[in-house]
Amino acid sequence: MKKNQKALLVVTLLVFSLQAATVLQLCEYFPFLKSSPNAVVTLGVGSLVALFGLSFYIFHHMGHHLSILGAFFTAVLWSATIDSFLAAALVGWTDLGKFYYDHGEEYFKTSWGFAALLWDGTFHYALQFYIAYSVYTQGKPHAIASLVWAGSIINSMPVLLIGAATGSFSETIKPATALNAPYVLVPIMIAKLVLTDEGHEASHTNKKQEEAIASLPVGFASLFWINFHVVAITLHIWRAIVVLECNAPAAQQWRQDVEILSSDDDGSISFGFLRIQLLQYLFYYVPFHAYCLWKVTPDRTMSLWATFMAGGYLQGQSTFLVGAAFDWVGFGPLVSIAQSNMFWVLNVGLLILPGIFAVWCWRSVTLDRTMR
């Protein structure tokens, strides 16, 4: 593909995503588009379907691969841009999209909601843009970017949906919640596609090669990561016990001195989301860390899963940190909440270390191939 064709593709994807501003502005000129919950969900579904179909037509005539995945990632660029405006509206930077909190997803009116919307409008936007670009230019999604994206989205959906259903806004859930349906199903399909495709190469490693990998000495880095997995498992189990309101003195002290918003004693409106995130770490992430302890030495399969889980940790910890360390008070700037030094050490560590672990896994696999 020529450079001018690639440049045109980038510009076209940008134009598609920026239609979010057009739709929100139309809602200001035509109030009936935002007048009720049913109107809002109809507008959302109609816009996504229209963008999905339009992307098929335009990119096909531009000579790119005709792809359902390409059309999907083009459409969700639009929704990610919408989320950027919604995040900006939450903190008073704009009035565009403010109506969505009355007739759409009211449960985003939290510090956790601000973080989730901003994450979707920035990090997810960048990944979706790159994945769409790779689909149109190479005929398939970029493996690493797709796994990080899938891990991030899959982590966010249970926290969003279950947290909304059990938190402070459980009585105000509206039809617009159904707009999240594609994000429940498609990331699972993408992860399966990439893991199956990339897993074939991993399965080609013969028994002698596996024995050679297993026989490598366990160095300092391996010992560090073994300890990391043990600490992560212990921490996730303990935090789940604490957030389920254990009355043991140690648990009560943790809620008071370490992670204050691990308790709803202060009436935090983000608590529903924070609670589900901590419980999800127990059921979703502990098995991964146990798998890594069992494998010890990374191979390609472990590297793929580490990449997937790193995406989940990035989303989970970014939103948890903001949800726990800030409070949303009206449509204005977030208000900071004092947290302990231990809170920041633990949560920043869980934010960055899984990504470093994934890089280490891939580097170890690459070095092993070079040595052979």
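The values are calculated or read from the model by the stated rules, or taken from the named source; none is laboratory data. All of these numbers come straight from a predicted model, not from anything done at the bench. Glycine gets a Cβ as well: all are built from the backbone with ideal geometry, and neighbour counts include every protein chain shown. Protein only, heavy atoms only, side chains kept; ligands, DNA and RNA dropped before computing areas. Shrake-Rupley method; radii C 1.70, N 1.55, O 1.52, S 1.80 Å.
I'd like to know if segment 89-101 contains one or more residues that are among the polar types (S, T, N, Q), crowded, with 18+ Cβ neighbours inside 10 Å and either touching a strand residue (DSSP E or B) at 6+ places or on another chain (Cβ under 6 Å) or at pLDDT below 95 (or both).
First pass over segment 89-101, keeping only residues among the polar types (S, T, N, Q): 94.
From what is left, the residues that are crowded, with 18+ Cβ neighbours inside 10 Å are none.
No, there is no match, as no residue in segment 89-101 is among the polar types (S, T, N, Q), crowded, with 18+ Cβ neighbours inside 10 Å and either touching a strand residue (DSSP E or B) at 6+ places or on another chain (Cβ under 6 Å) or at pLDDT below 95 (or both).
Within the bounds of segment 316-329, is there any residue that is open to solvent by 50 Å² or more (accessible area, probe 1.4 Å) and assigned to a helix (DSSP H, G or I)? Reasoning before the result, please.
Of all residues in segment 316-329, those open to solvent by 50 Å² or more (accessible area, probe 1.4 Å) come to 326-327, 329.
Narrowing the set further to residues that are assigned to a helix (DSSP H, G or I) leaves none.
Scanning segment 316-329, I find no residue that is open to solvent by 50 Å² or more (accessible area, probe 1.4 Å) and assigned to a helix (DSSP H, G or I), so the answer is no.
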Output for segment 253-276, where each listed residue is farther than 16 Å from Ala338 by Cα and either basic (Lys, Arg) or at pLDDT 90 or above (or both): Phe273, Leu274, Arg275, Ile276
Complete set of residues in segment 284-306 that are of a type in the set (Val, Ile, Thr) and not in a helix (DSSP H, G or I): Val296, Thr297
So Val159, is it β-branched (Val, Ile, Thr), buried (at least 19 other Cβ atoms within 10 Å of the Cβ) and in contact with a Ser or Thr (Cβ under 7 Å, 6 or more places away or on another chain): no
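Would you point out the residue of segment 86-132, among those that are out of contact with any Asp or Glu (no Cβ under 7 Å at 6 or more places or on another chain) and among the polar types (S, T, N, Q), that is nearest to Ala325 (Cα to Cα)?
Of everything passing the filter in segment 86-132, Thr110 is nearest to Ala325 (Cα to Cα).
Please specify each residue of segment 282-331 satisfying the condition of being β-branched (Val, Ile, Thr) and either out of contact with any helix residue (DSSP H, G or I) (no Cβ under 8 Å at 6 or more places or on another chain) or over 14 Å from Ala358 (Cβ atoms) (or both).
So in segment 282-331, the residues β-branched (Val, Ile, Thr) come out as 286, 296-297, 301, 307, 319, 322, 329.
Result: Val286, Val296, Thr297, Thr319, Val322, Val329.
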Flag if Ser47 is of a type in the set (S, T, N, Q) and open to solvent by less than 40 Å² (accessible area, probe 1.4 Å): yes
Breaking point among (1) crowded, with 19+ Cβ neighbours inside 10 Å; (2) part of a helix (DSSP H, G or I), for Ala165: (1)
Options Ala87, Ala115: the member that is in contact (Cβ under 8 Å) with a residue 24 or more places away in the chain, at negative phi, of a type in the set (Gly, Ala, Ser) and in contact with a Phe, Trp or Tyr (Cβ under 6 Å, 6 or more places away or on another chain): Ala87
Residue count for segment 284-307, restricted to those that are surrounded by fewer than 23 Cβ atoms within 10 Å (Cβ to Cβ), within 22 Å of the chain's Cα centre (by Cα) and among the polar types (S, T, N, Q): 1
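Among the residues of segment 245-260, count how many are assigned to a loop (DSSP other than H, G, I, E, B) and farther than 21 Å from Leu321 by Cβ.
If we filter segment 245-260 for residues that are assigned to a loop (DSSP other than H, G, I, E, B), which is where we start, we get 245-248, 258-259.
Right, trim to farther than 21 Å from Leu321 by Cβ and you get 245-248.
Of the residues in that region, 4 qualify.
How about segment 59-74: which of its residues are touching a residue at least 40 places away in the same chain (Cβ under 8 Å) and either open to solvent by 50 Å² or more (accessible area, probe 1.4 Å) or not β-branched (Val, Ile, Thr) (or both)?
Initial filter on segment 59-74 (touching a residue at least 40 places away in the same chain (Cβ under 8 Å)): 59, 62-65, 67, 69-70, 72-74.
The answer is Phe59, Met62, Gly63, His64, His65, Ser67, Leu69, Gly70, Phe72, Phe73.
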Every residue from segment 330-345 that is open to solvent by less than 40 Å² (accessible area, probe 1.4 Å) and either closer than 21 Å to Ala150 by Cα or of a type in the set (A, V, I, L, M, F, W, C) (or both): Phe343
Answer from Leu127, Leu118, Leu86 - the residue that is assigned to a helix (DSSP H, G or I), under 16 Å from the mean Cα position of the chain (by Cα) and closer than 25 Å to Ala39 by Cα: Leu118
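So if I check each of Tyr281, Tyr313, which one is modelled with pLDDT of 95 or more, open to solvent by less than 50 Å² (accessible area, probe 1.4 Å), assigned to a helix (DSSP H, G or I) and touching a His at 6+ places or on another chain (Cβ under 6 Å)? Break it down into steps so the answer makes sense when it comes.
Working: Tyr313 fails: touching a His at 6+ places or on another chain (Cβ under 6 Å).
Being modelled with pLDDT of 95 or more, open to solvent by less than 50 Å² (accessible area, probe 1.4 Å), assigned to a helix (DSSP H, G or I) and touching a His at 6+ places or on another chain (Cβ under 6 Å) holds for just one of Tyr281, Tyr313, which is Tyr281.
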